[in-house]
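*Asks:* The structure's right below; bear with me while I get my questions together.
The values are calculated or read from the model by the stated rules, or taken from the named source; none is laboratory data. Since the model is a prediction, treat every value here as computed from it, not as a measurement. Heads up, the Cβs are rebuilt from the backbone with ideal geometry, glycines too, and the neighbour counts pull from every protein chain shown.
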Amino acid sequence: MNREEALVLVKEKVSNQNLIKHMIAVGAIMKGLARRLGEDENLWEVVGILHDIDYEETKDDWKEHALKSAKMLEGKLPEEALYAIKAHNFENTGVMPKKEMDYALIASDALSGLIVASALVMPSKKLEEVRVETLMKKFKSKDFAKKVSRENILYCEKLGLSLQEFLEIGLNAMKEVSEELGL
């Protein structure tokens, strides 16, 4: 499956435009990580785009979230991708992250929220104004974007990346899709 096919599938299953933008952002960060780690950029981006495809159906049942996504995507993605999707909600599914893709998805999912929140407090509300230094400060500020799991962002260390390097990869990746994100 390629990016366009993933987006068509997302738009069939997800009506919330902000959720679609979140999925595009996570896909972009995953693609940036794949590029840095020498992994399959297309596959990692598609996993990021599709990771929350069941969200509207499971938002009231967190134990099912991600498990239902993986079921919907059976036969469309390789097993490692389905596993990463299930593991991104490990706190509720019990599917523990094991591989780079799993950790990357957990970290990217959280990082997208920090980057979006940081862009929205800029005068222009645009990603172009956000700097890595800003993200580092916002990361350390526990009162900023309180729902963003700093712990999950730090899974970047399991990929051999420093926090600063991960923030830079994520920010640059999201800037590549800023028009789609409206940021």
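*Asks:* Can you find, within region 114-125, the residue that is nearest to ASN18 (Cα to Cα) among those that are crowded, with 18+ Cβ neighbours inside 10 Å and among the aliphatic types (A, V, I, L, M)?
*Replies:* So the residue we want is VAL116.
*Asks:* When ILE85 is evaluated against the numbered criteria (1) in contact with a helix residue (DSSP H, G or I) (Cβ under 8 Å, 6 or more places away or on another chain); (2) outside any helix (DSSP H, G or I); (3) over 25 Å from LEU127 (Cα atoms), which criterion, by number, is the only one it fails?
*Replies:* Condition (2) is where ILE85 drops out.
*Asks:* So, in region 129-140, how many residues would count as being loosely packed, with under 11 Cβ neighbours inside 10 Å and either polar (S, T, N, Q) or over 16 Å from GLY113 (Cβ atoms) (or both)?
*Replies:* Total meeting the criteria: 1.
*Asks:* Which is closer than 23 Å to LEU127 by Cα and in contact with a helix residue (DSSP H, G or I) (Cβ under 8 Å, 6 or more places away or on another chain), of LYS98, LYS63, LYS31, LYS13?
*Replies:* LYS31
*Asks:* Out of (1) charged (D, E, K, R); (2) more than 25 Å from LEU163 (Cβ to Cβ); (3) at pLDDT 95 or above, what's the single condition that is false for GLU41?
*Replies:* The one condition GLU41 does not meet is (2).
*Asks:* Which residues, counting only those in region 23-67, are part of a helix (DSSP H, G or I), in contact with an Asp or Glu (Cβ under 9 Å, 6 or more places away or on another chain) and not aliphatic (A, V, I, L, M)?
*Replies:* Passing the criteria: GLY27, LYS31, GLY32, ARG35, ARG36, GLY48, GLU57, THR58.
*Asks:* Would you please list the contacts, defined by Cβ atoms under 9 Å and residues six or more apart or on different chains, that run from a residue in region 155-174 that is within 10 Å of LEU33 (Cα to Cα) to a residue that is modelled with pLDDT of 95 or more and not in a helix (DSSP H, G or I)?
*Replies:* Every condition considered, the pairs that remain are CYS156/SER162; ILE169/LEU161.
*Asks:* May I pose another question? For region 126-183, please list each of the helices (runs of 4 or more DSSP H) lying entirely inside it that holds at least 1 residues being over 24 Å from GLN17 (Cα atoms).
*Replies:* Those helices (runs of 4 or more DSSP H) span 132-140, 150-153, 163-176.
*Asks:* Filter region 71-87 for residues that are more than 18 Å from ASN42 (Cα to Cα) and either free of Cβ contacts under 8 Å to residues at least 24 places away in the same chain or of a type in the set (Gly, Ala, Ser) (or both) and give the result.
*Replies:* LYS71, LYS86, ALA87
*Asks:* Can you name the residue in region 2-34 that is in contact (Cβ under 8 Å) with a residue 40 or more places away in the chain and among the basic types (Lys, Arg) and, of all such residues, is nearest to GLU180 (Cα to Cα)?
*Replies:* Only one residue fits best here, namely LYS21.
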